[in-house]
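Shown next, in structure tokens, is the structure this report addresses.
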Amino acid sequence: MGGTPGESASMRETRYKLVEDFRDFRKEGGLTLPHTYTIQYSVSKLNNPIVLDWTFTFTRFTFDYPIEEKQFLADS
């Protein structure tokens, strides 16, 4: 929405869409986990559509990995 009616009337509609897809479920360490993860991100404008796709394939899962608290603390 623009600051004035004139600004609002000249604005173009933009739509954003994010789709996540989880596939290839298999047992890993007693859990059923996806081994393929796909993300599709699209931005629809009047004359300039953009579609980006990413696909991740997981081949190794690590459980009970030690995490140090200092990894999550902000630097002072």
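Of note:
- Looking only at the stretch 12-46, and only at residues there that are surrounded by 10 or more Cβ atoms within 10 Å (Cβ to Cβ) and not in a strand (DSSP E or B), the one that is modelled with the highest pLDDT: Thr14
- First in the stretch 11-35 and under 18 Å from Asp53 (Cβ atoms) and without any contact (Cβ under 8 Å) to a residue 12 or more places away in the chain, second anywhere and of a type outside the set (Gly, Ala, Ser) and surrounded by 10 or more Cβ atoms within 10 Å (Cβ to Cβ), Cβ under 6 Å, 6 or more apart: none
- Taken over the stretch 1-38, the residue count meeting the criterion of being among the polar types (S, T, N, Q) and over 30 Å from Thr62 (Cβ atoms) is 4.
- Thr55 vs. criteria in contact with a strand residue (DSSP E or B) (Cβ under 8 Å, 6 or more places away or on another chain) and assigned to a strand (DSSP E or B): yes
The values are calculated or read from the model by the stated rules, or taken from the named source; none is laboratory data. Since this is a predicted model, take the numbers as computed values, not measurements. Cβ atoms come from the backbone with ideal geometry, glycine included; neighbour counts cover every protein chain shown.
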